[in-house]
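The values are calculated or read from the model by the stated rules, or taken from the named source; none is laboratory data. Predicted model, so just to flag it, every value in this text is computed and none were measured. Reconstructed Cβ throughout: ideal geometry from the backbone, glycine too, with neighbour counts over all protein chains shown. The accessibility values were calculated without ligands, DNA or RNA, using every heavy atom of the protein model including side chains. Shrake-Rupley method; radii C 1.70, N 1.55, O 1.52, S 1.80 Å.
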Amino acid sequence: MRRNAGLFVAISLLSGFGSSAMTLVAGIWILDLTGSTGLAALAGLCVYAPVLAGPWLGGLLDRASRRPLVIAVNLLLAAALLALLAVRGPGQTWLIFAVSCAYGVSYVLIDAGETALLPSALSPTELGDVNGWRSSAQEGMKLIAPLAGAGLYAWHGGHAVVVLSAAMPVLVATLYAAVRLNRTSHDRPGPRRNACVPDCRSCSDSG
């Protein structure tokens, strides 16, 4: 259990660092490319807009195994981030907006998937402490990561931040794969409510 607790805290640190760094740099990058503060602010809106699709995304999550889903989402996010290496001028600004939206979708899916995985990996007595450590790690990264990302952007440009941010989801996916699940029933999609139970009288009557 202690091993799992450490893994989840490390996941929060890495994912928080990558997302916080890139979220700030996306706006700065767009501002440098276009000179438009409005478009720069729109990048931040793209990150949070997918939250409105939370109920639909939650339905998608309910139909999939939790751990494979969060691993796949992290790897797809890394691939999406690497697409930003193609940004060379204002004509590729749309790529930054697209990746910002991808970040928003990943937030919803990963947060819901991780919430479902925690009870499968930790004892009830550990959940409170680990959630507190995770929250502290995430809030700490919101202070540190934007400064680090902005500094790296000023030093080596947006592509350096892209490579660093893309490495974070890959590491996170690796850590998710290393988590030991003790109660695997929480890692599987729930049964359909209208499924027939063997020897069910109503089923036999209808048959």
With the charge dipole of the chain built from beta-carbon charges (+1 for Lys and Arg, -1 for Asp and Glu) about the Cα centre, the Cα from Ala116, Val162, Val87 projecting farthest to the positive end belongs to Ala116
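Per DSSP H run of n ≥ 4, the term is -39500 (n - 2.57); total these for the chain, divide by its residue number, and report the mean residue ellipticity at 222 nm rounded to 500 deg cm²/dmol.
Working: 8 runs with 160 residues, N = 207.
Estimated from H runs of four or more residues: -26500 deg cm²/dmol.
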With Cα atoms, 0 to 90° folded angle of helix 37-48 axis to the chain main axis:
20
In a solvent-free Debye calculation with one equal scatterer on each Cα, what is log10 I(q)/I(0) for the range 105-158 at q = 0.15, 0.19, 0.27, 0.29 Å⁻¹, listed in the order of the q values?
-0.61, -0.79, -1.03, -1.07
With every protein chain in place, the accessible area of Asp129 for a 1.4 Å probe, in Å² rounded to the nearest 10, comes to 90
Measure nothing fancy, just the Cα-based angle from helix 2-34's long axis to the longest principal axis of the chain, in degrees from 0 to 90, nearest 10.
40
The chain, accessible surface, carbon-and-sulfur percent (1.4 angstrom probe):
65
What angle do you read, to the nearest 10 degrees and between 0 and 90, between the alpha-carbon axis of helix 124-156 and the longest principal axis of the chain?
20
Where the chain is the region considered: accessible area per residue in Å², 1.4 Å probe
53
Matching label for the computed Kirkwood radius over Cα pairs in Å, out of (1) 17.9; (2) 20.4; (3) 18.5, is (3)
